[in-house]
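This report concerns only the one structure given below.
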Amino acid sequence: MTRKPVDTGDPDRLYTITGGRSRADDSFDLVTLIVSESGPVPGMQSEHARILELCRHPAAVVEIAAELGLPVTVVRILLGDLLDMGRITARHPRAAPSVAAMPDSALLQEVLHGLRNL
Amino acid sequence: MGSATSELPSHRTPLNDTAETGLKIVVVGGFGVGKTTLVRSVSEIRPLNTEEVMTQASVGVDENGAVATKTTTTVAFDFGRISLNDSMVLYLFGAPGQERFWFLWDRLFSGTLGAVVLVDTRRMDDSWYAIDRLEHHRTPFVVAVNRFDDGVRHSLDEIRQALALPAHVPMVDCDARSRQSGKDVLITLVNHLHDLAIAQEATL
């Protein structure tokens, strides 16, 4: 797979995908895990359908962006649509999304344990 | 553009269905220092890349279409993934150290556990800016010196001095190509974070 990292060459295309919207749902972190609640249905926008296919198993927002070849902001908009339709659920990161907030030592201990067992 | 519905990549390795919590660690450093190599050496998937495009006045774009006046910032980054256990997944991001990237730091990497500054001793100038920005954003970090085969070998103490790095910031030698070495870098960082958390919890 040697496709271009992200297809940003055509703003019109991105505009079409998002229906002209540029305000993304900021509640989706890069590592929020998305899970489909249903499969794609006929007539659905192709990007929505692809996300539902991709998220049969959990996938992070950033993985979806990479697999679809779309900027993260665009993917956030699409995910907002799917969430509103009740077609996905979002598993948000446990750590508070505030800058400089330290995660607790118990969580870090779990991370350490996981890394050592690799 | 044709429909893309059916072209799902078959080589994708899905996460475990029990995955609940995504975590972030960011590797920053200058061009060519080995960020992608480090990500690749520890990742369970082949590193993927994506972009964040941000229009400087993107909040509240109105129907009148004042789009033409906006400036757009695009930052590309790559990332890998490590499943830590049944529920926790660590995402490792390799990110450039240049100026426009820091403009997006809060948006992309707020809530990150911490950062690894990857240093090439032949181009240490590239690291200063990253260290300064991390301190500014109060993101805890460690410095990993990627040892290339060639060049004069500076000791960690010499490098610490050259970077004006405070004594409390851990430093570690590494070979970004080695999985074990990459693991050790991450463990050094998370150990450091754990110490900081314990110290902070003791004051509560």
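The values are calculated or read from the model by the stated rules, or taken from the named source; none is laboratory data. Please read all numbers here as calculations on a predicted model, not as lab measurements. Note that we place each Cβ from the backbone using ideal geometry, even for glycine, and neighbour counts take in every protein chain shown.
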- Message: I'm trying to understand the selection: among the residues of the stretch B:86-126, which are facing chain A (nearest Cβ under 8 Å) and within 15 Å of A:Arg94 (Cα to Cα)?
- Response: B:Met88, B:Val89, B:Leu90, B:Tyr91, B:Phe109, B:Ser110, B:Gly111, B:Leu113
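In the stretch B:130-140, is there at least one residue being within 18 Å of B:Gly32 (Cα to Cα) and touching a Leu at 6+ places or on another chain (Cβ under 8 Å)?
Within the stretch B:130-140 (the criterion being within 18 Å of B:Gly32 (Cα to Cα) and touching a Leu at 6+ places or on another chain (Cβ under 8 Å)), the answer is yes, since at least one residue qualifies.
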- Message: Among the numbered criteria (1) modelled with pLDDT under 80; (2) facing chain B (nearest Cβ under 8 Å); (3) assigned to a helix (DSSP H, G or I), which one does A:Pro5 miss?
- Response: (3)
- Note on the structure: Scanning the stretch A:68-98 residue by residue, those facing another protein chain (nearest Cβ under 7 Å) and surrounded by 20 or more Cβ atoms within 10 Å (Cβ to Cβ) turn out to be A:Pro71, A:Val72, A:Thr73, A:Pro93, A:Ala95
- Message: Just the residues that are in contact (Cβ under 8 Å) with a residue 60 or more places away in the chain, within 11 Å of chain A (Cβ to nearest Cβ) and more than 13 Å from B:Val119 (Cα to Cα), please, taken from the stretch B:150-204.
- Response: B:Arg179, B:Gly182, B:Lys183, B:Leu186, B:Leu189, B:Val190, B:His192, B:Leu193
- Tally time: how many residues in the stretch B:134-162 are surrounded by fewer than 20 Cβ atoms within 10 Å (Cβ to Cβ), of a type in the set (A, V, I, L, M) and outside any helix (DSSP H, G or I)? 1
- Query: Taking the stretch B:1-58 on its own, how many of its residues are more than 7 Å from every other protein chain (Cβ to nearest Cβ) and modelled with pLDDT under 65?
  - Reply: 7
- Item | Breaking point among (1) within 12 Å of another protein chain (Cβ to nearest Cβ); (2) in contact (Cβ under 8 Å) with a residue 24 or more places away in the chain; (3) of a type outside the set (Asp, Glu), for B:Phe141 | (1)
- Message: Looking only at the stretch B:85-102, count every residue that is out of contact with any His (no Cβ under 8 Å at 6 or more places or on another chain), not aromatic (Phe, Trp, Tyr) and not in a strand (DSSP E or B) and tell me the total.
- Response: 6
- Task: Identify the single condition in (1) in a loop (DSSP other than H, G, I, E, B); (2) modelled with pLDDT of 95 or more; (3) polar (S, T, N, Q) that B:Asn191 does not satisfy, given that it satisfies every other one.
- Result: (1)
